Amino acid sequence: MLSVTVHKDIAEYQPKVVGKMTGRTLVSIVGALGVSVLTGVYLYFVLGLNPGDYMMVIYAVSLPFWCCGFIRPKGMPFEKFVPLWLRAKFTDDRIFYTPSMTRSGLVHDPGQPDRKKGSIYGKYYRKQGNLKGIEAYSPRAERVIV
């Protein structure tokens, strides 16, 4: 029997721009080095401080660029992960369940005030409305009552 080994998943391939660096990593390296140099120049010329004494500040300023280029949270590129993470943390995307019998008007919604007393539906439909779980499925009609 013939067999072929597959060393890497082809979906994970990223085209290389320079050496072993992809365009994404190359942009992040250039951004990190640029911000580091600008921070050093700002410290030296504007604030009058020695950049060698404040290397931790320069590292802290360039760290986000390094993270964007080389860290893949949950296996996703950083630029795809961040918007999803921000939306999950700062928005309320909950979907509340509303039974189909309530939507069709066969059962009174407990969140809504009563408009009138009594029921306009027959005993069979009221019985279907009080079922738990399968709610609107009718074995007699062999379908979902909506």
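Quick notes
- A simple rule links phi to the HN-Hα coupling: the Karplus curve 6.51 cos²θ - 1.76 cosθ + 1.60 with θ = phi - 60°, which for region 20-27 gives 9, 9, 7, x, 5, 5, 5, 5 Hz, with x for Gly and Pro.
- Using R0 = 30 Å, the C-beta based FRET efficiency linking residue 33 and residue 84 works out to 0.60.
- Annotation: amide H of residue 17 within the under-5 Å range of 22, 23, sequence separation 5 or more or interchain, hydrogens built in the peptide plane.
- Label-to-label distance, nm, for residues given as residue 67 and residue 13 (7 Å Cα→Cβ offset): 3.2
- Principal axis dimensions, largest first and in whole angstrom, of region 1-111 by Cα: 76, 63, 18
None of the figures in this text is laboratory data; all of them are computed from the coordinates on show. Since the structure is predicted, the reported quantities are computational estimates derived from the model, not experimental observations. Positions of Cβ are backbone-derived with ideal geometry, glycine not excepted, and every protein chain shown enters the neighbour counts.
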